[in-house]
1. Checking the structure you have, find out if any residue of the range B:167-177 is surrounded by 23 or more Cβ atoms within 10 Å (Cβ to Cβ) and either over 22 Å from residue B:41 (Cβ atoms) or hydroxyl-bearing (Ser, Thr, Tyr) (or both).
2. Any residue in the range A:144-163 that is among the small types (Gly, Ala, Ser) sitting within a Cβ distance under 6 Å of a residue that is part of a loop (DSSP other than H, G, I, E, B)? List the pairs, counting only those 6 or more apart or interchain.
3. Let me confirm something: among A:126, A:141, which residue is on the phi < 0 side of the Ramachandran plot, among the polar types (S, T, N, Q), in contact with a strand residue (DSSP E or B) (Cβ under 8 Å, 6 or more places away or on another chain) and away from chain B (no Cβ under 12 Å)?
4. Check whether at least one residue in the range A:19-36 is in contact with a helix residue (DSSP H, G or I) (Cβ under 9 Å, 6 or more places away or on another chain), more than 14 Å from chain B (Cβ to nearest Cβ) and under 15 Å from residue A:103 (Cα atoms), and report yes or no.
5. Considering only the range A:108-116, I want to know if a residue exists there that is assigned to a loop (DSSP other than H, G, I, E, B) and either without any contact (Cβ under 8 Å) to a residue 12 or more places away in the chain or crowded, with 24+ Cβ neighbours inside 10 Å (or both).
6. Out of B:101, B:51, B:116, report the one residue that is touching a residue at least 24 places away in the same chain (Cβ under 8 Å), away from chain A (no Cβ under 14 Å) and of a type in the set (S, T, N, Q).
7. Evaluate the range A:98-105: report whether one residue or more is at pLDDT 95 or above and surrounded by fewer than 23 Cβ atoms within 10 Å (Cβ to Cβ).
8. If you scan the range A:67-119, which residues turn out to be β-branched (Val, Ile, Thr) and within 21 Å of residue A:132 (Cα to Cα)?
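The values are calculated or read from the model by the stated rules, or taken from the named source; none is laboratory data. Bear in mind the structure is a predicted one, so any value in this text is a computation, not a measurement. We place every Cβ from the backbone using ideal geometry, glycine too, and count neighbours over all the protein chains shown.
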Amino acid sequence: MKCAFVTVGTTSFDDLIACVSAPDSLQKIESLGYNRLILQIGRGTVVPEPFSTESFTLDVYRYKDSLKEDIRKADLVISHAGAGSCLEALEKGKPLVVVINEKLMNNHQLELAKQLHKEGHLFYCTCSTLPGLLQSMDLSTLKCYPPGQPEKFSAFLDKVVGLQK
Amino acid sequence: MLTQGTPSARGKFVFQNPSSESEQKNPEGVIHGGHTTEILRLLGSLSNAYSPRHYVIADTDEMSANKINSFELDRADRDPSNMYTKYYIHRIPRSREVRQSWPSTVFTTLHSMWLSFPLIHQVKPDLVLCNGPGTCVPICVSALLLGILGIKKVIIVYVESVCRVETLSLSGKILFHLSDYFIVQWPALKEKYPKSVYLGRIV
(Lines give C-alpha, C1' and ligand atoms only; values in the text may rest on other atoms or scores of the structure.)
Protein backbone atom coordinates (compact mmCIF):
# COMPACT_ATOMS: atom_id res chain seq x y z
CA MET A 1 0.00 0.00 0.00
CA LYS A 2 1.81 3.02 -1.20
CA CYS A 3 1.46 6.73 -0.71
CA ALA A 4 2.38 9.49 -3.16
CA PHE A 5 2.98 13.01 -1.91
CA VAL A 6 2.69 16.03 -4.16
CA THR A 7 4.22 19.29 -2.89
CA VAL A 8 4.46 22.79 -4.35
CA GLY A 9 6.09 24.37 -1.30
CA THR A 10 4.99 27.95 -0.75
CA THR A 11 4.24 28.55 -4.42
CA SER A 12 1.16 28.24 -6.57
CA PHE A 13 1.38 25.52 -9.21
CA ASP A 14 -2.17 25.06 -10.44
CA ASP A 15 -1.16 23.15 -13.55
CA LEU A 16 0.48 20.41 -11.53
CA ILE A 17 -2.38 20.09 -9.06
CA ALA A 18 -4.94 20.02 -11.87
CA CYS A 19 -2.87 17.45 -13.74
CA VAL A 20 -2.47 14.97 -10.89
CA SER A 21 -6.02 15.29 -9.65
CA ALA A 22 -7.62 14.72 -13.07
CA PRO A 23 -9.65 11.49 -13.06
CA ASP A 24 -7.41 9.63 -15.49
CA SER A 25 -4.30 10.64 -13.52
CA LEU A 26 -5.83 9.37 -10.33
CA GLN A 27 -6.66 6.14 -12.07
CA LYS A 28 -3.12 5.83 -13.36
CA ILE A 29 -1.64 6.55 -9.93
CA GLU A 30 -3.89 3.93 -8.39
CA SER A 31 -2.98 1.42 -11.07
CA LEU A 32 0.69 1.94 -10.22
CA GLY A 33 -0.01 0.65 -6.74
CA TYR A 34 -0.63 3.84 -4.77
CA ASN A 35 -3.70 3.87 -2.60
CA ARG A 36 -3.16 7.31 -1.17
CA LEU A 37 -2.37 10.64 -2.76
CA ILE A 38 -1.65 13.72 -0.69
CA LEU A 39 -1.69 17.13 -2.37
CA GLN A 40 0.05 20.04 -0.65
CA ILE A 41 -1.23 22.92 -2.77
CA GLY A 42 0.42 26.00 -1.24
CA ARG A 43 -1.01 29.22 -2.65
CA GLY A 44 -2.73 27.52 -5.54
CA THR A 45 -6.23 28.38 -6.71
CA VAL A 46 -7.03 24.86 -7.87
CA VAL A 47 -8.40 23.05 -4.83
CA PRO A 48 -9.43 19.46 -5.59
CA GLU A 49 -12.10 17.92 -3.46
CA PRO A 50 -10.61 15.36 -1.08
CA PHE A 51 -12.26 11.95 -0.98
CA SER A 52 -11.88 8.50 0.43
CA THR A 53 -13.07 5.26 -1.08
CA GLU A 54 -12.33 1.69 -0.11
CA SER A 55 -9.36 1.56 -2.40
CA PHE A 56 -8.08 5.12 -2.62
CA THR A 57 -7.77 8.31 -0.55
CA LEU A 58 -7.10 11.83 -1.75
CA ASP A 59 -5.97 14.37 0.86
CA VAL A 60 -5.61 18.06 0.12
CA TYR A 61 -4.12 20.87 2.20
CA ARG A 62 -2.30 24.16 1.76
CA TYR A 63 0.45 24.25 4.35
CA LYS A 64 1.77 22.50 7.37
CA ASP A 65 4.44 23.73 9.77
CA SER A 66 6.59 20.90 8.57
CA LEU A 67 6.25 18.52 5.66
CA LYS A 68 8.63 16.07 7.30
CA GLU A 69 5.91 13.58 8.29
CA ASP A 70 4.24 13.52 4.90
CA ILE A 71 7.58 13.09 3.18
CA ARG A 72 8.56 10.36 5.60
CA LYS A 73 5.37 8.40 4.92
CA ALA A 74 5.57 8.82 1.16
CA ASP A 75 6.78 6.16 -1.25
CA LEU A 76 7.01 8.73 -4.01
CA VAL A 77 7.39 12.49 -3.88
CA ILE A 78 6.24 14.62 -6.79
CA SER A 79 7.50 18.14 -6.28
CA HIS A 80 7.84 21.54 -7.86
CA ALA A 81 11.43 22.52 -8.59
CA GLY A 82 12.00 24.38 -5.34
CA ALA A 83 15.34 23.53 -3.80
CA GLY A 84 13.92 23.20 -0.30
CA SER A 85 11.26 20.69 -1.32
CA CYS A 86 13.66 18.69 -3.49
CA LEU A 87 16.42 18.48 -0.93
CA GLU A 88 14.03 17.56 1.85
CA ALA A 89 12.71 14.64 -0.18
CA LEU A 90 16.15 13.52 -1.33
CA GLU A 91 17.62 13.70 2.14
CA LYS A 92 14.86 11.39 3.37
CA GLY A 93 15.85 8.97 0.64
CA LYS A 94 12.54 9.28 -1.21
CA PRO A 95 12.13 8.66 -4.94
CA LEU A 96 11.58 12.10 -6.39
CA VAL A 97 9.92 13.38 -9.53
CA VAL A 98 10.37 17.10 -10.11
CA VAL A 99 7.78 18.85 -12.25
CA ILE A 100 8.96 22.00 -13.94
CA ASN A 101 6.55 24.90 -13.99
CA GLU A 102 6.75 26.14 -17.55
CA LYS A 103 4.86 29.28 -16.65
CA LEU A 104 7.77 30.60 -14.59
CA MET A 105 10.10 32.80 -16.60
CA ASN A 106 13.87 32.56 -16.11
CA ASN A 107 13.33 29.62 -13.87
CA HIS A 108 16.70 29.21 -12.23
CA GLN A 109 15.39 26.39 -10.11
CA LEU A 110 15.59 24.28 -13.22
CA GLU A 111 19.38 24.32 -12.87
CA LEU A 112 19.31 22.29 -9.69
CA ALA A 113 16.74 19.80 -10.96
CA LYS A 114 18.76 19.25 -14.13
CA GLN A 115 22.00 18.79 -12.22
CA LEU A 116 20.51 16.33 -9.76
CA HIS A 117 18.90 14.46 -12.64
CA LYS A 118 22.28 14.28 -14.37
CA GLU A 119 23.67 12.75 -11.20
CA GLY A 120 20.87 10.21 -11.20
CA HIS A 121 19.05 11.35 -8.07
CA LEU A 122 15.66 12.28 -9.51
CA PHE A 123 13.47 12.33 -12.58
CA TYR A 124 12.09 15.54 -13.98
CA CYS A 125 9.37 16.44 -16.42
CA THR A 126 6.66 18.97 -17.21
CA CYS A 127 2.96 18.70 -16.42
CA SER A 128 2.25 17.36 -19.87
CA THR A 129 4.93 14.69 -19.69
CA LEU A 130 4.21 13.67 -16.10
CA PRO A 131 1.65 10.94 -16.84
CA GLY A 132 4.01 9.32 -19.33
CA LEU A 133 6.91 9.50 -16.89
CA LEU A 134 4.90 7.98 -14.05
CA GLN A 135 4.02 5.09 -16.31
CA SER A 136 7.51 4.43 -17.63
CA MET A 137 9.89 5.36 -14.82
CA ASP A 138 11.95 2.84 -12.93
CA LEU A 139 12.48 4.17 -9.42
CA SER A 140 15.07 1.52 -8.66
CA THR A 141 17.49 3.28 -11.01
CA LEU A 142 17.61 6.35 -8.78
CA LYS A 143 20.82 6.82 -6.85
CA CYS A 144 21.08 7.69 -3.20
CA TYR A 145 21.64 11.39 -2.54
CA PRO A 146 24.68 12.15 -0.41
CA PRO A 147 24.02 14.92 2.12
CA GLY A 148 25.88 18.21 1.91
CA GLN A 149 28.88 18.77 4.13
CA PRO A 150 28.48 21.92 6.20
CA GLU A 151 31.51 20.91 8.26
CA LYS A 152 33.64 21.93 5.29
CA PHE A 153 32.12 25.36 5.57
CA SER A 154 32.76 25.63 9.30
CA ALA A 155 36.37 24.52 8.86
CA PHE A 156 36.82 27.15 6.16
CA LEU A 157 35.16 29.91 8.14
CA ASP A 158 37.11 29.09 11.30
CA LYS A 159 40.29 29.74 9.35
CA VAL A 160 38.92 32.95 7.86
CA VAL A 161 37.99 34.49 11.21
CA GLY A 162 41.14 33.24 12.85
CA LEU A 163 39.73 30.52 15.09
CA GLN A 164 42.03 28.04 13.45
CA LYS A 165 45.43 28.32 11.90
CA MET B 1 43.95 30.73 19.47
CA LEU B 2 41.62 30.37 22.41
CA THR B 3 42.76 32.37 25.36
CA GLN B 4 41.60 31.31 28.74
CA GLY B 5 38.05 32.26 29.52
CA THR B 6 37.63 34.43 26.49
CA PRO B 7 35.78 33.46 23.38
CA SER B 8 38.36 33.73 20.67
CA ALA B 9 35.98 35.36 18.27
CA ARG B 10 35.71 38.76 19.77
CA GLY B 11 32.32 39.59 19.09
CA LYS B 12 29.60 40.13 16.81
CA PHE B 13 28.47 38.23 13.83
CA VAL B 14 25.80 39.39 11.50
CA PHE B 15 24.00 36.68 9.67
CA GLN B 16 21.93 37.65 6.77
CA ASN B 17 18.72 35.72 6.31
CA PRO B 18 17.04 37.30 3.39
CA SER B 19 14.10 35.74 1.68
CA SER B 20 14.49 33.61 -1.35
CA GLU B 21 14.09 34.95 -4.84
CA SER B 22 10.53 33.91 -5.42
CA GLU B 23 9.15 34.18 -8.92
CA GLN B 24 5.70 34.94 -7.64
CA LYS B 25 5.02 37.93 -5.51
CA ASN B 26 2.69 37.22 -2.65
CA PRO B 27 0.62 40.26 -1.65
CA GLU B 28 0.74 39.22 1.99
CA GLY B 29 4.50 39.31 1.91
CA VAL B 30 5.01 35.70 2.89
CA ILE B 31 8.50 34.78 2.02
CA HIS B 32 9.05 31.82 -0.18
CA GLY B 33 11.52 29.10 0.00
CA GLY B 34 14.64 27.82 1.50
CA HIS B 35 17.36 30.43 1.64
CA THR B 36 16.76 30.79 5.35
CA THR B 37 16.87 27.02 5.65
CA GLU B 38 20.20 26.98 3.84
CA ILE B 39 21.85 29.57 5.99
CA LEU B 40 20.60 27.95 9.18
CA ARG B 41 22.15 24.68 8.07
CA LEU B 42 25.45 26.47 7.67
CA LEU B 43 25.10 28.12 11.07
CA GLY B 44 24.33 24.75 12.61
CA SER B 45 27.86 23.66 11.77
CA LEU B 46 29.50 26.67 13.43
CA SER B 47 30.91 26.56 16.93
CA ASN B 48 29.73 28.61 19.90
CA ALA B 49 32.56 31.03 19.30
CA TYR B 50 30.33 32.69 16.72
CA SER B 51 28.30 34.78 19.10
CA PRO B 52 26.49 36.95 19.72
CA ARG B 53 24.56 36.40 16.51
CA HIS B 54 22.62 39.16 14.83
CA TYR B 55 20.13 38.10 12.21
CA VAL B 56 18.87 40.53 9.61
CA ILE B 57 15.64 39.69 7.83
CA ALA B 58 13.14 41.48 5.65
CA ASP B 59 10.52 43.34 7.65
CA THR B 60 7.71 41.28 6.13
CA ASP B 61 9.34 37.93 6.81
CA GLU B 62 7.63 36.10 9.67
CA MET B 63 8.53 32.66 8.42
CA SER B 64 12.25 33.34 8.74
CA ALA B 65 11.83 34.74 12.24
CA ASN B 66 10.10 31.53 13.28
CA LYS B 67 12.80 29.40 11.72
CA ILE B 68 15.51 31.40 13.45
CA ASN B 69 13.83 31.15 16.83
CA SER B 70 13.40 27.39 16.40
CA PHE B 71 17.00 27.04 15.37
CA GLU B 72 18.32 29.00 18.34
CA LEU B 73 16.07 27.23 20.82
CA ASP B 74 17.05 23.88 19.42
CA ARG B 75 20.70 24.83 19.66
CA ALA B 76 20.30 25.90 23.27
CA ASP B 77 18.47 22.66 24.07
CA ARG B 78 21.11 20.48 22.60
CA ASP B 79 23.91 22.22 24.44
CA PRO B 80 23.08 23.56 27.90
CA SER B 81 26.23 25.64 28.06
CA ASN B 82 24.83 27.50 25.06
CA MET B 83 21.84 28.80 26.92
CA TYR B 84 23.11 32.27 27.49
CA THR B 85 24.24 32.91 23.96
CA LYS B 86 22.34 35.96 22.90
CA TYR B 87 20.91 36.42 19.50
CA TYR B 88 19.05 39.31 17.95
CA ILE B 89 16.69 39.61 15.03
CA HIS B 90 16.73 42.88 13.14
CA ARG B 91 14.32 43.80 10.41
CA ILE B 92 14.90 46.05 7.44
CA PRO B 93 12.85 46.58 4.30
CA ARG B 94 13.69 44.55 1.23
CA SER B 95 15.61 46.56 -1.31
CA ARG B 96 13.74 44.98 -4.21
CA GLU B 97 10.71 42.80 -4.69
CA VAL B 98 10.88 40.23 -7.47
CA ARG B 99 10.10 41.87 -10.80
CA GLN B 100 10.06 45.32 -9.28
CA SER B 101 10.86 47.95 -11.89
CA TRP B 102 14.44 49.14 -11.97
CA PRO B 103 13.80 52.88 -11.49
CA SER B 104 11.79 52.24 -8.33
CA THR B 105 14.43 49.76 -7.20
CA VAL B 106 16.91 52.63 -6.95
CA PHE B 107 14.66 54.31 -4.40
CA THR B 108 13.87 51.22 -2.38
CA THR B 109 17.54 50.22 -2.33
CA LEU B 110 18.56 53.65 -1.10
CA HIS B 111 15.85 53.40 1.54
CA SER B 112 17.20 50.03 2.66
CA MET B 113 20.74 51.46 2.71
CA TRP B 114 19.52 54.33 4.85
CA LEU B 115 18.34 51.84 7.42
CA SER B 116 21.09 49.25 7.05
CA PHE B 117 24.01 51.53 7.70
CA PRO B 118 22.95 52.64 11.20
CA LEU B 119 22.34 49.01 12.10
CA ILE B 120 25.75 47.87 10.90
CA HIS B 121 27.36 50.91 12.46
CA GLN B 122 25.75 50.12 15.79
CA VAL B 123 26.54 46.39 15.78
CA LYS B 124 30.06 46.73 14.28
CA PRO B 125 30.24 43.04 13.41
CA ASP B 126 33.42 41.10 12.84
CA LEU B 127 31.75 39.02 10.17
CA VAL B 128 28.81 39.34 7.83
CA LEU B 129 27.52 36.09 6.38
CA CYS B 130 24.84 36.12 3.72
CA ASN B 131 23.38 33.98 1.00
CA GLY B 132 20.87 35.73 -1.17
CA PRO B 133 18.75 38.57 -2.44
CA GLY B 134 16.56 41.14 -0.74
CA THR B 135 18.26 42.76 2.19
CA CYS B 136 21.70 41.36 1.41
CA VAL B 137 23.25 44.05 -0.74
CA PRO B 138 22.58 47.08 1.50
CA ILE B 139 23.93 45.20 4.51
CA CYS B 140 27.12 44.23 2.72
CA VAL B 141 27.61 47.69 1.25
CA SER B 142 27.13 49.12 4.74
CA ALA B 143 29.74 46.72 6.07
CA LEU B 144 32.14 47.79 3.33
CA LEU B 145 31.53 51.41 4.18
CA LEU B 146 32.46 50.73 7.78
CA GLY B 147 35.83 49.60 6.51
CA ILE B 148 36.24 52.43 4.04
CA LEU B 149 35.48 54.98 6.74
CA GLY B 150 38.14 53.39 8.91
CA ILE B 151 35.62 52.45 11.60
CA LYS B 152 36.00 48.69 11.40
CA LYS B 153 37.13 46.08 8.93
CA VAL B 154 34.27 43.61 8.50
CA ILE B 155 34.83 40.25 6.83
CA ILE B 156 32.11 39.66 4.25
CA VAL B 157 31.38 36.06 3.32
CA TYR B 158 28.76 35.28 0.72
CA VAL B 159 27.48 31.74 0.11
CA GLU B 160 25.63 31.29 -3.17
CA SER B 161 22.58 29.07 -2.90
CA VAL B 162 22.83 25.38 -3.76
CA CYS B 163 20.16 26.15 -6.39
CA ARG B 164 22.74 28.02 -8.37
CA VAL B 165 24.56 25.42 -10.46
CA GLU B 166 25.50 27.32 -13.59
CA THR B 167 24.54 30.94 -13.02
CA LEU B 168 24.80 33.38 -10.15
CA SER B 169 21.84 35.11 -8.55
CA LEU B 170 21.56 38.88 -8.97
CA SER B 171 22.91 39.50 -5.47
CA GLY B 172 25.65 37.00 -6.19
CA LYS B 173 26.71 38.92 -9.28
CA ILE B 174 26.90 42.14 -7.27
CA LEU B 175 28.49 40.73 -4.16
CA PHE B 176 31.03 38.69 -6.06
CA HIS B 177 32.93 41.94 -6.41
CA LEU B 178 32.26 43.23 -2.92
CA SER B 179 32.75 40.22 -0.68
CA ASP B 180 35.97 38.95 0.83
CA TYR B 181 35.03 35.34 0.24
CA PHE B 182 32.46 34.16 -2.28
CA ILE B 183 31.48 30.54 -1.87
CA VAL B 184 29.90 28.51 -4.66
CA GLN B 185 28.59 24.97 -4.36
CA TRP B 186 29.04 23.55 -7.85
CA PRO B 187 32.13 23.09 -10.02
CA ALA B 188 30.65 24.87 -13.06
CA LEU B 189 30.49 28.10 -11.07
CA LYS B 190 34.02 27.68 -9.79
CA GLU B 191 35.13 27.38 -13.40
CA LYS B 192 33.27 30.52 -14.41
CA TYR B 193 34.42 32.44 -11.36
CA PRO B 194 37.90 31.22 -10.52
CA LYS B 195 38.24 33.65 -7.63
CA SER B 196 35.31 32.01 -5.86
CA VAL B 197 35.74 29.41 -3.13
CA TYR B 198 34.50 25.91 -3.88
CA LEU B 199 34.09 23.52 -0.96
CA GLY B 200 31.67 21.11 -2.64
CA ARG B 201 28.03 21.01 -1.62
CA ILE B 202 27.81 22.40 1.90
CA VAL B 203 24.06 22.30 2.55
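1. Checking the range B:167-177: at least one residue is surrounded by 23 or more Cβ atoms within 10 Å (Cβ to Cβ) and either over 22 Å from residue B:41 (Cβ atoms) or hydroxyl-bearing (Ser, Thr, Tyr) (or both).
2. Close Cβ pairs (under 6 Å, with a partner that is part of a loop (DSSP other than H, G, I, E, B)) amount to A:148/B:201; A:148/B:202; A:148/B:203; A:154/B:45; A:154/B:46.
3. A:126
4. Within the range A:19-36, one or more residues are in contact with a helix residue (DSSP H, G or I) (Cβ under 9 Å, 6 or more places away or on another chain), more than 14 Å from chain B (Cβ to nearest Cβ) and under 15 Å from residue A:103 (Cα atoms).
5. yes
6. Matching residue, one of B:101, B:51, B:116: B:116.
7. no
8. Once the filter is applied, which keeps residues that are β-branched (Val, Ile, Thr) and within 21 Å of residue A:132 (Cα to Cα), the range A:67-119 yields A:77, A:78, A:97, A:98, A:99, A:100.
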